[in-house]
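S.K.: Quick one: the structure is below, questions incoming.
The values are calculated or read from the model by the stated rules, or taken from the named source; none is laboratory data. Source: prediction; values computed, not measured. Cβ placement follows ideal geometry from the backbone for every residue including glycine, while neighbour counts extend to all protein chains displayed. Ligands, DNA and RNA are stripped out before the accessible areas are found, and what is left, the full protein with its side chains, is counted by its heavy atoms. Shrake-Rupley method; radii C 1.70, N 1.55, O 1.52, S 1.80 Å.
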Amino acid sequence: MSAALESGGLAVTETAFAASRGLFEQVATDLTSPDAAALTHSGLEDLLAARMREVTRQLFQDHLDLRAVRERRADPVVDAAGVERTRIERGRTRILSTVFGKVTATRIAYRATGSADLHLADAALNMPAGMHSHGLARLAATESARGSFAEAVERVNALTGAGIGHRQVQELAVAAAADIDAFYQALVPEPCTDATLLVLSTDGKGVVIRPEALREATAKAAAAKSGNKMATRLAPGEKNGRKRMATLGTVYDAEPAVRGVDDIIANPADPAKERRPGPKARSKWLCGSVNDTAEQVIAAVFDQAEARDPEHRRTWVVLVDGARHQLDLIRAEAAARRNVTVNIVIDIIHVLEYLIAVHGAG
């Protein structure tokens, strides 16, 4: 912490952000140089992205330092178990990795023999349990949902310069999904009329599984295959017999939206024609599992749908990609177990793929 911050009083407030001001002024000065005048617009983008990220990180740090100077001892301090903290230790620090870079928070520790230290400033800042900020965790989870973890690591580091690793991104993504079941259990759908569509959808994704975690049937199929002596992963080019299908499901409400072909695919003869908007999903509920079977996940989807329309007064629409196994499970669940009529809509792209696979491109 700088000497100016340690001096206290009004001077502290006036000089608290001297470091970040200095960095900003240096950037402004550098932009007037002949070297900067020779930069292209993309070069300026790269320069400012790196330099202004550091300015922002320093602003964050300066603010934390100002909080540290202003923090005053609270008395008495009693924890949730009723233990009073009678001793303090000033200058206790912790590192926080943010979307701007790493900063250090300095605060008072409240201590008692045999009990973990308390830091009231951590509660005021809503500090995470680990080192990574909530903003960094949210970014890691968002990018992980868009593709592979390797791609998420690359994207997060490109946006933040945080230097976060593959394992950390995985852990942050898993932690972000920890409360998903409780979130959807607490979801209360908006009231709907009988004219509101009730939309269900399921999909599957093959996930490579370690041999000891394979289901019995898949394990037998894997054992029957020859030529692969690898114990922990597939041989090059091998795909069948070593995967488990992760099944995803969703239920949501949507008001009908009448559209024609030109509303979905722009007419080349009239590209400026205004297109009518499609249906909007409301009160979306999601589930997914690699442990439960496709039949169990589809049953959970129908459970959620029946909870919204127990008397089957609404129009049920099921969106699928046309996989035969899924269609059989959906029809069995709807007719045999629920006695409900469903309108099945199959993704046209997948239909074309199946037709080409069966009849050929010609």
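S.K.: Looking at the stretch 48-61, I want the residues that are closer than 16 Å to F17 by Cα and in contact (Cβ under 8 Å) with a residue 12 or more places away in the chain and have a partner that is surrounded by 14 or more Cβ atoms within 10 Å (Cβ to Cβ) and of a type in the set (F, W, Y) with Cβ atoms under 6 Å, at least 6 apart or on another chain. Which pairs are those?
M.R.: Note: pairs meeting the criteria are R53/F100; V55/F24; T56/F100; R57/F100; F60/F100.
S.K.: Separate question: Given R94, R146, R107, which one is in contact with a helix residue (DSSP H, G or I) (Cβ under 9 Å, 6 or more places away or on another chain), free of Cβ contacts under 8 Å to residues at least 12 places away in the same chain and among the charged types (D, E, K, R)?
M.R.: R146
S.K.: Then there is this: Among the candidates L327, L286, L248, which residue alone is out of contact with any strand residue (DSSP E or B) (no Cβ under 6 Å at 6 or more places or on another chain) and of a type in the set (A, V, I, L, M, F, W, C)?
M.R.: L327
S.K.: Based on this model, can you work out whether I298 counts as aliphatic (A, V, I, L, M) and either farther than 30 Å from K220 by Cβ or surrounded by fewer than 11 Cβ atoms within 10 Å (Cβ to Cβ) (or both)?
M.R.: It is false that I298 is aliphatic (A, V, I, L, M) and either farther than 30 Å from K220 by Cβ or surrounded by fewer than 11 Cβ atoms within 10 Å (Cβ to Cβ) (or both).
S.K.: Also, I was wondering about something else. Within the bounds of the stretch 98-110, is there any residue that is surrounded by fewer than 17 Cβ atoms within 10 Å (Cβ to Cβ) and either over 30 Å from Q170 (Cβ atoms) or among the small types (G, A, S) (or both)?
M.R.: no
S.K.: Let me ask you something else. State yes or no: is I356 over 25 Å from I209 (Cβ atoms), among the β-branched types (V, I, T), surrounded by 11 or more Cβ atoms within 10 Å (Cβ to Cβ) and in contact (Cβ under 8 Å) with a residue 12 or more places away in the chain?
M.R.: no
S.K.: Let me ask something else. For the stretch 152-175, what are the residues that are over 11 Å from H132 (Cβ atoms), free of Cβ contacts under 8 Å to residues at least 60 places away in the same chain and surrounded by 14 or more Cβ atoms within 10 Å (Cβ to Cβ)?
M.R.: Scanning the stretch 152-175 gives A152, V153, E154, R155, N157, Q170, A173.
S.K.: Ok, one more. Restricted to the stretch 258-277, and to residues that are over 28 Å from T196 (Cβ atoms) and of a type outside the set (D, E, K, R), which residue is most open to solvent (accessible area, probe 1.4 Å)?
M.R.: By that ranking, first place goes to P268.
S.K.: Can you run down the residue pairs with Cβ atoms below 8 Å, 6 or more apart or on separate chains, where the first is in the stretch 326-338 and within 13 Å of Q296 (Cβ to Cβ) and of a type in the set (K, R) and the partner is assigned to a helix (DSSP H, G or I) and open to solvent by 80 Å² or more (accessible area, probe 1.4 Å)?
M.R.: none
S.K.: Is it true that some residue in the stretch 182-201 is of a type in the set (S, T, N, Q), under 24 Å from D292 (Cβ atoms) and within 18 Å of the chain's Cα centre (by Cα)?
M.R.: no
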